[in-house]
Structures are given as structure tokens and as C-alpha cells.
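Contents: one structure, followed by commentary.
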Amino acid sequence: MGPVERTDVITHTHTPSDPGLIVAIDGGNSKTEIVVLTDGPGGLSERLRAIGAGSGAGPHAVGAAVAALLQEHGIDATRVRRVSAAVAGLDFPGDEEGHRAALASLFPAAAITVVGDAIAVLEAGGGAGDALAIVCGAGLNAVARGPRGLATVPALGWASGDWGGGDELGREAVRAAARAEDGRGPATALLDLVLAETGMTDTVELARAIRDGTVPLRQVGALAATVAGAAARGDAVATELIGRVAREAVLLADVVAGRAWADGVVPPRTPATLAGGLFADDGFRTAVSDGLRDRGFDPRPLEFRPVDGLVRALRDRAAAGTASAPAPAPAAGRILNPHPRGEDPR
């Protein structure tokens with residue numbers, strides 16, 4: 001890949017008498033969270049924190065959600081001089097352009113950086129240094145930052161080769177229940193548990209309800225917690241499913257680490273942040289953590305909100321004297337910044 005192009009949009013420069021505001025945005029599928037910061041002599045200080053509607057419907061949804069929050073709290077968007085946004089669903093180079101354009105129309109005087117939401121998790125757990133982040137919520141994704149740059153892979157589910165995450169695990173619970181009921185698969189506690197969770201009398205009725213939308217896919221994805229609970233109680237089928245997702249998570253870590261560090265050799269105790277609902281399960285978290293430790297990582301759960309990863313990075317860069325010249329936002333893709341340190345085109 002060639003040099004990563006700058007992705008900042010700068011349309012105005014504030015005078016020293018008006019340092020302006022800085023906004024961090026976590027644009028998730030279910031909610032949008034913003035933090036508004038002021039830039040003063042003592043550094044960046046928090047002025048406002050607010051949560052609004054989700055941003056999963058695309059660029060206009062992000063713009064609308066953020067605009068509503070600004071209006072609700074009386075923030076003048078024209079005073080914002082920098083925006084750092086992490087948005088769900090940016091899987092390929094160029095996906096961020098529409099979101100950046102939508103935010104540029106809302107913040108006409110700002111330099112705007114847009115990245116995938118996994119990068120906010122990376123910076124929440126590891127700051128601006130070398131680190132790994134694995135997100136296992138509805139889907140499974142990972143991002144790593146090392147000497148060779150920032151690396152990830154698309155996370156579109158089966159279309160990009162993925163297996164894992166809550167949605168996938170919920171579907172596997174339904175599959176295992178159906179196969180246990182008709183004899184194609186082994187007996188499993190998931191049969192009774194899945195039927196109880198969905199209110200169905202048998203898996204044929206459940207299949208019809210899923211087809212017709214009576215049981216929505218969101219409810220199917222929520223069965224991931226049912227699988228985790230059954231595994232904790234010793235069910236063999238559920239235990240194998242949890243183990244399979246854990247192996248996939250570690251395999252994905254291997255892939256992005258191999259691109260961010262030469263030959264995938266990671267310095268001992270490199271931070272690895274674990275985020276997403278499935279990591280609430282002790283067995284899953286332990287299995288993934290053990291695999292990461294074997295590879296030199298120091299796994300730890302995400303201790304604060306992803307938007308605070310953006311805030312942390314903004315403060316780190318401000319303290320380093322680089323806040324006025326934001327780094328180019330890496331587009332999502334395989335190698336986001338292929339240049340080794342010292343050769344970054346910034």
C-alpha cells in the first residue's frame with residue numbers, strides 16, 4: 001500500500017484569543033456519546049459529557065445524533081476547532097469519508113479525524129503507544145498498533161471470513177438446539193434454555209418465528225449470554241462454542257499482531273485491551289487472556305468508556321505539543337499505516 005493520505009478537514013484557524021473547543025465522539029450502533037473539551041493554559045479540561053441516539057445508520061445518523069446533543073446542551077459548533085470521532089462500521093478504506101463530510105458540515109471550523117470504533121478501545125486501554133485491542137460484542141474485531149503501524153481487518157461477519165461475536169454465538173445456540181431436538185447433534189442443555197428464552201414450544205416453532213420476524217435477530221444474538229451460562233455450568237456443547245470463539249479471538253490477534261510487529265514478535269507485557277459484552281463471561285475472558293499472555297501481551301478489561309480513549313489520546317498529544325497538528329486518521333483496512341517509525345509520511 002502507498003502512503004496513508006491525511007484525512008483532516010481544516011476549514012478555519014482560530015485566533016489565540018479564542019482557542020475554541022475540542023469534541024470527542026463515540027458513534028456506536030446503539031448510542032452516540034460525546035465529550036466536549038476546552039483548551040486552556042492547564043491543558044484540556046472537560047466541559048460536557050452527553051449520550052444520545054445511535055449512529056449505526058450511516059453518516060447522516062452520526063451528524064444528526066451529534067447535532068441534537070450540541071443543541072440540547074447549548075454548544076456552538078462553530079467554536080469547535082477539532083473533532084476526534086470513532087464510529088462503528090468502518091471496515092474498508094474510504095468508509096470514513098461520508099462520516100467525515102457529515103461532521104464537517106456540522107463543524108465548519110474544525111479539523112476532523114474519523115476512525116473505526118475499535119481504535120477508541122485501543123487508545124482507551126493502551127494510550128497512544130503500542131497495544132492491541134480485541135472487541136467481542138455483537139461481532140468480533142481486533143486492532144493493533146506496533147512499530148509497523150496500525151493494523152486491523154474488515155469485520156463484516158461471514159463476508160470477510162469472520163466467525164465469532166454475540167450474534168454468531170446466538171445463531172449457533174439455535175442451531176445446536178435444533179440439532180439436539182431432532183437427533184442430528186448431541187444432547188445439550190441449550191435446547192431447553194433457548195426455548196425458554198424465546199418462549200417457543202419446540203425448535204420448529206422457533207425456526208418459523210425467526211423466519212417471520214416474531215423472534216428478531218437481536219433476540220437471537222442475546223442468546224450468547226445463554227451459551228456462556230450453559231458453558232459455566234458444564235454443558236459440553238456450550239463449552240465448545242465458547243472455546244471456539246475464544247480461539248477465533250486469539251487467532252485474529254495473531255493476524256493483526258503479525259502486521260503491526262515484524263514477524264509478529266511482541267515485546268513482553270504489551271497492553272491488550274478486552275472490550276465487549278462477551279468478555280463479561282469469566283470462562284471466555286480467561287481463555288482469551290491465557291492465549292494472549294502466551295504471545296507476550298498483558299491482557300486487561302476495558303476500564304472506562306471508549307470515548308475516553310479518544311479523550312486520553314487528545315490529552316496525550318496535547319501534552320506532547322501536537323494537538324494543533326492532528327495525526328492523519330487511518331482508514332480501516334489491513335495495514336492502516338504501513339510505514340515504520342521514522343518513515344511515517346506525517
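Please go through segment 66-96 and pick out each residue that is without any contact (Cβ under 8 Å) to a residue 60 or more places away in the chain and surrounded by fewer than 24 Cβ atoms within 10 Å (Cβ to Cβ). Walk me through how you get there before you give the answer.
First pass over segment 66-96, keeping only residues without any contact (Cβ under 8 Å) to a residue 60 or more places away in the chain: 66-78.
Correct list: Ala67, Ala68, Leu69, Leu70, Gln71, Glu72, His73, Gly74, Ile75, Asp76, Ala77, Thr78.
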query = Inside segment 45-55, can you point out the residues that are under 11 Å from Val23 (Cβ atoms), in contact with a Leu (Cβ under 7 Å, 6 or more places away or on another chain) and surrounded by 15 or more Cβ atoms within 10 Å (Cβ to Cβ)?
reply = Ala50
key: Unique match (being under 18 Å from the mean Cα position of the chain (by Cα) and free of Cβ contacts under 8 Å to residues at least 60 places away in the same chain) among Ala246, Ala257, Ala230   = Ala246
inquiry  = Regarding segment 288-295, can at least one residue be identified that is within 20 Å of Arg148 (Cα to Cα) and open to solvent by 10 Å² or more (accessible area, probe 1.4 Å)?
reply    = yes
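Could you list, in sequence order, the residues of segment 102-123 that are open to solvent by 30 Å² or more (accessible area, probe 1.4 Å), touching a residue at least 60 places away in the same chain (Cβ under 8 Å) and under 23 Å from Arg79 (Cβ atoms)?
We begin by selecting, within segment 102-123, every residue open to solvent by 30 Å² or more (accessible area, probe 1.4 Å); these are 105-106, 108, 117.
Those left that are additionally touching a residue at least 60 places away in the same chain (Cβ under 8 Å): 108, 117.
Pro108 - this is the single residue of segment 102-123 that is open to solvent by 30 Å² or more (accessible area, probe 1.4 Å), touching a residue at least 60 places away in the same chain (Cβ under 8 Å) and under 23 Å from Arg79 (Cβ atoms).
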ask   = Can Val143 be described as open to solvent by less than 10 Å² (accessible area, probe 1.4 Å) and of a type in the set (A, V, I, L, M)?
value = yes
query = Residues that are open to solvent by less than 80 Å² (accessible area, probe 1.4 Å), in contact with a Leu (Cβ under 8 Å, 6 or more places away or on another chain) and polar (S, T, N, Q): which helices (runs of 4 or more DSSP H) entirely in segment 155-214 hold 1 or more of them?
reply = 190-198, 203-212
task = For Arg244, indicate whether it is within 18 Å of Leu190 (Cα to Cα) and either assigned to a helix (DSSP H, G or I) or open to solvent by less than 10 Å² (accessible area, probe 1.4 Å) (or both).
result = yes
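The values are calculated or read from the model by the stated rules, or taken from the named source; none is laboratory data. Every value quoted in this text rests on a predicted model; they were computed, and no experiment measured them. Note: ideal-geometry Cβ built from the backbone for every residue, glycine included; neighbour counts use all protein chains shown. The area values use the complete protein model at the heavy-atom level, side chains included, leaving out ligands, DNA and RNA. Shrake-Rupley method; radii C 1.70, N 1.55, O 1.52, S 1.80 Å.
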